[in-house]
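*Asks:* Before I ask anything, let me first share the structure, which is written out below as structure tokens.
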Amino acid sequence: MTIYLDHNATTPVRPEAADAVRDALAHAGNPSSVHGAGRRARKIVEDAREQVAALAGARADDVIFTSGGTEANNLALANATVDAAVFVSDIEHASVLDARPDASRIAVQADGVVDPAAVDAALKDLNDGRALVSVMLANNETGAIQPVAEIAEVAKRHGAAVHCDAVQAAGKMAVDMKALGVDMLSLSAHKIGGPQGIGALVIRPGFKISATHWGGGQERSRRAGTENVPGIAGFGVAAERALAGIEVFQELALLRDRMEAHNLKSAPEARVFARDVARLANTSCITMPGISAKTQVMSFDLEGFAVSAGSACSSGKVESSHVLKAMGADTDQLNSALRISLGWTTTANEIDQFTAAWTALYARLGAGSMAA
Amino acid sequence: MSTAIEKKDALPATIKNRKTPIYLDYQATTPTDPRVTEKMLPYFSEQFGNPHSRNHFFGWEAEDAVEIAREQIAHLIGANAKEIIYTSGATESNNLAIKGVAQFFKDKRDHIITVVTEHKCVLDTCRHLEQEGFEVTYLPVQKNGLIDLELLRKTMTDKTVLVSVMGVNNEIGVIQPLKEIGAMCRENKTFFHTDCAQAVGKIPLDVEDMNIDLMSISGHKIYGPMGIGALYVRRRPRVRLVPMINGGGQERGMRSGTLPTPLCVGLGEACAIAEREMGAENERLRQLRDRMYQGIVGRLPEVYLNGDMDQRIPGNLNISFAFVEGEGLMMGIKDLAVSSGSACTSASLEPSYVLRALGLDVELAHTSLRIGFGRFTTEEDVYHAVDAIVREVERLREMSPLWEMHQEGIDISSIEWAEH
């Protein structure tokens, strides 16, 4: 049985969420239909909207369901008017970077954190205030938590709107849109134990947004298309479970830290990215000196561990991580960085097994083997 | 969680539990076929990988499943799997096809032709493009709901980049002459997009034979799951488009985002089942439909079928009942889940723009029912529905002074109503 340590790519669906999906699949009904079958579907959608809103500390009315985090990010970025200046951090997900390739970049520090002062500097010359700043709440590769509340405050001072990609953060740490002070926030179900194919863009009360999917008046004309009722049902339940489990989730940091400490003992020259800053409890990005990430991933796969060399979207390609590069990683580090991401299914025993496998692989192939 | 669906559960719960109303709204959404659900469920639990994780078994397994489904979808419409792009549904497919092509070729050609009876998401997209400076022609339809091919030919110019005509109408079920339209478009070097959300799996479709360049497909209209659709994008000659969703580069760069493996699998299976069963199922539905129609017109005078009867999918009837108040009728047949128009607009009291386009007056458009049949509709359902509808129409007419006047031979349209 494979041990799955790639929760930042996608998580196993929680059984309760799968049940909700299955129940919804068993009932036909278009939420826009006025008959009983339609009204029942509508109720499923609206109940889930409450649950998803709670995950982000928002109002149900402000949740716009999308087909996932990528669409949510694209919808948010599309809402910067063409003539507005767009600022994104160097460590954003591809769905933010590619949505507006013309955006100005805000650098990240070597520790993996975007400095609010850098945002301030970037916005300094902004005159008419037509701008959008997009900074993620937690990075998908390093887990580094970004000072979004401070960044939002700076941005507001310059009159800019703020979007926050909270796809990796939600369910792994407390997310309160009001406290963050952002205008738009992206969520994804399949990163929190919900089904793939559903996500949301949550907006600040009163924040006006124009649609990119045109058609029927669904989602208050902010996103056309028949609602994905089973997906939304599963998202709702997953959000509720994730929210209830946030405290327990923090315990994963103990396992993660123990693993990192152990790995660093056998390979003191290994680099753990963003180790010195606030990080998601589940994420570890660590180099195995001298061993390419590709070799590591293949070896671990043969031994029954699913880990990743970077984000899943780009993991098929040879390019190295833009996130680690932005943090100043050298070529050796870029080539040998592995992402291990724990989740709601992870046990202490699994991490012990992985730690042993990591140490053994390094002893076999790495600098450790030469020392012997 | 049990993943196996036992034989006795072979009907969706909506259909099985007869306490619930009879579902006759198959154009709004279809029940997910339990065989489809069964194929999907493992991908919600043990086979949950991200199909883009190329590093481990979970990812490969998911990728395989997504690609098999892609083959199944392609096969149903005579396409190559490489030409199928997954989307979140037909609305997104229609948006992507029309906006994507228009924006890619805007410097060369800037004229789009569509039809007044298209789905709202096609019309809405075209309206937005008009605001961006494109010229859009909205073709009228004939009384039977079909477009006039000669008029289409005359409307096309060397500036026409795209013709978008739906395969089957969502309200009146009529089938547009796709092959003839395709041939005309090819001749004019114009791209042909067709919204086949209501057509796939219901009528034979072949993108080669019909010269279709882009085709929108929906999951939940063909007994597959909601939240998934596809866009067929021709490779030879190649159709290019500007993507709507960027980042990650999935789906040949035309549509980014993690693919929802279970939903892709569900759409594929829905297509495979439709391909196997379409012939026999259409015959069965035709008999049910005819029985329903005969049952109603045999017992009620002054009822009118909207849309052509021959060029029509067997799973749809759209009937206007004169001298009946539409909302009253809907209220009176509460145990039938039918609709008065498309689901998207069903909460509004506006009469259907599709029926208005056929030339119906506002009154008749207001008293119409869309009755959608499908895979789980039984003969018993039809008898029950005919009874319920006939009884209610008769009851409402008995209370109607207009009906009484009509019985007495007074031409109601000649009456000059006093303002009040």
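The values are calculated or read from the model by the stated rules, or taken from the named source; none is laboratory data. Every value quoted in this text rests on a predicted model; they were computed, and no experiment measured them. Neighbour counts run over all protein chains shown; Cβ positions are idealised from the backbone, glycine included.
*Asks:* Specify the residue that is surrounded by the most Cβ atoms within 10 Å (Cβ to Cβ); the eligible residues are those in the stretch A:179-236 that are assigned to a loop (DSSP other than H, G, I, E, B) and of a type in the set (S, T, Y).
*Replies:* Filtering first and then ranking leaves A:T226.
*Asks:* Then there's this: With the checklist (1) within 14 Å of chain A (Cβ to nearest Cβ); (2) at pLDDT 95 or above in hand, flag the one item B:Q72 doesn't pass.
*Replies:* Result: B:Q72 fails condition (1) only.
*Asks:* In addition: Assess whether B:V174 counts as being free of Cβ contacts under 8 Å to residues at least 60 places away in the same chain and under 19 Å from the mean Cα position of the chain (by Cα). Don't jump to the end; show me each part of the working.
*Replies:* On the way: free of Cβ contacts under 8 Å to residues at least 60 places away in the same chain: no; under 19 Å from the mean Cα position of the chain (by Cα): yes.
Judged against the criteria, B:V174 is not a match.
*Asks:* Kindly indicate whether B:V101 is surrounded by fewer than 19 Cβ atoms within 10 Å (Cβ to Cβ), more than 10 Å from chain A (Cβ to nearest Cβ), in contact with a Phe, Trp or Tyr (Cβ under 8 Å, 6 or more places away or on another chain) and not charged (D, E, K, R).
*Replies:* No.
*Asks:* Could you tell me whether the stretch B:115-136 includes any residue that is of a type in the set (F, W, Y) and outside any loop (DSSP other than H, G, I, E, B)?
*Replies:* no
*Asks:* I'd like the full set of residues that are assigned to a helix (DSSP H, G or I) and more than 7 Å from chain B (Cβ to nearest Cβ), limited to the stretch A:17-37. Full working, then the answer.
*Replies:* Looking only at the stretch A:17-37, we keep the residues that are assigned to a helix (DSSP H, G or I), and these are A:17-25, A:36-37.
Of everything in the stretch A:17-37, those that are assigned to a helix (DSSP H, G or I) and more than 7 Å from chain B (Cβ to nearest Cβ) turn out to be A:A17, A:A20, A:D23, A:A24.
*Asks:* Looking at B:F58, B:F44, B:F134, can you tell me which residue is within 8 Å of chain A (Cβ to nearest Cβ), of a type outside the set (K, R) and touching a helix residue (DSSP H, G or I) at 6+ places or on another chain (Cβ under 9 Å)?
*Replies:* B:F44
*Asks:* Kindly state which helices (runs of 4 or more DSSP H) lie completely within the stretch A:67-126 and contain at least 1 residues that are in contact (Cβ under 8 Å) with a residue 40 or more places away in the chain.
*Replies:* A:69-78, A:94-97
*Asks:* Here is a follow-up. May I ask you to list the residues in the stretch B:22-65 that are of a type in the set (K, R) and more than 17 Å from A:G231 (Cβ to Cβ)?
*Replies:* Listed by number, the residues that qualify are B:R35, B:R54.
*Asks:* When the residues of the stretch B:215-240 are filtered to those that are surrounded by fewer than 24 Cβ atoms within 10 Å (Cβ to Cβ) and in contact with a strand residue (DSSP E or B) (Cβ under 8 Å, 6 or more places away or on another chain), which remaining residue is nearest to A:N30 (Cα to Cα)?
*Replies:* Step one: of the stretch B:215-240, the residues surrounded by fewer than 24 Cβ atoms within 10 Å (Cβ to Cβ) are B:234-240.
Now narrow it down to the ones that are in contact with a strand residue (DSSP E or B) (Cβ under 8 Å, 6 or more places away or on another chain): B:234, B:239.
Numbers: B:R234: 31, B:V239: 33 Å.
Top of the filtered list is B:R234.
*Asks:* Can you tell me which condition B:C185 does not meet? The list is (1) within 14 Å of chain A (Cβ to nearest Cβ); (2) within 22 Å of B:V122 (Cβ to Cβ), and all the others hold.
*Replies:* (1)
*Asks:* Mind checking which residues of the stretch A:127-173 are of a type in the set (S, T, N, Q), under 22 Å from A:T70 (Cα atoms) and part of a loop (DSSP other than H, G, I, E, B)?
*Replies:* Passing the criteria: A:N139, A:N140, A:T142, A:Q146, A:Q168.
*Asks:* Another one. Take A:V52 and tell me if it is in a helix (DSSP H, G or I), touching a Phe, Trp or Tyr at 6+ places or on another chain (Cβ under 9 Å), within 14 Å of chain B (Cβ to nearest Cβ) and within 22 Å of A:A244 (Cα to Cα).
*Replies:* The answer is no for A:V52.
*Asks:* So which residues in the stretch A:246-275 are assigned to a loop (DSSP other than H, G, I, E, B) and under 24 Å from A:A170 (Cβ atoms)?
*Replies:* Of everything in the stretch A:246-275, those that are assigned to a loop (DSSP other than H, G, I, E, B) and under 24 Å from A:A170 (Cβ atoms) turn out to be A:Q250, A:E251, A:F273, A:A274, A:R275.
*Asks:* Identify, from the list B:P204, B:P237, B:P243, B:P262, the residue that is over 18 Å from B:G100 (Cα atoms) and either in a loop (DSSP other than H, G, I, E, B) or under 18 Å from the mean Cα position of the chain (by Cα) (or both). Quick ask: steps written out before the conclusion?
*Replies:* Details: B:P237 fails: over 18 Å from B:G100 (Cα atoms); B:P243 fails: over 18 Å from B:G100 (Cα atoms); B:P262 fails: either in a loop (DSSP other than H, G, I, E, B) or under 18 Å from the mean Cα position of the chain (by Cα) (or both).
Of B:P204, B:P237, B:P243, B:P262, the one residue that is over 18 Å from B:G100 (Cα atoms) and either in a loop (DSSP other than H, G, I, E, B) or under 18 Å from the mean Cα position of the chain (by Cα) (or both) is B:P204.
*Asks:* I would also like to ask the following. Can you find even one residue in the stretch A:120-128 that is surrounded by fewer than 20 Cβ atoms within 10 Å (Cβ to Cβ) and under 24 Å from A:R339 (Cβ atoms)?
*Replies:* Checked the stretch A:120-128: no residue is surrounded by fewer than 20 Cβ atoms within 10 Å (Cβ to Cβ) and under 24 Å from A:R339 (Cβ atoms).
*Asks:* Scan (1) buried (at least 23 other Cβ atoms within 10 Å of the Cβ); (2) away from chain A (no Cβ under 14 Å) for the single condition B:T157 breaks and write down its number.
*Replies:* (1)
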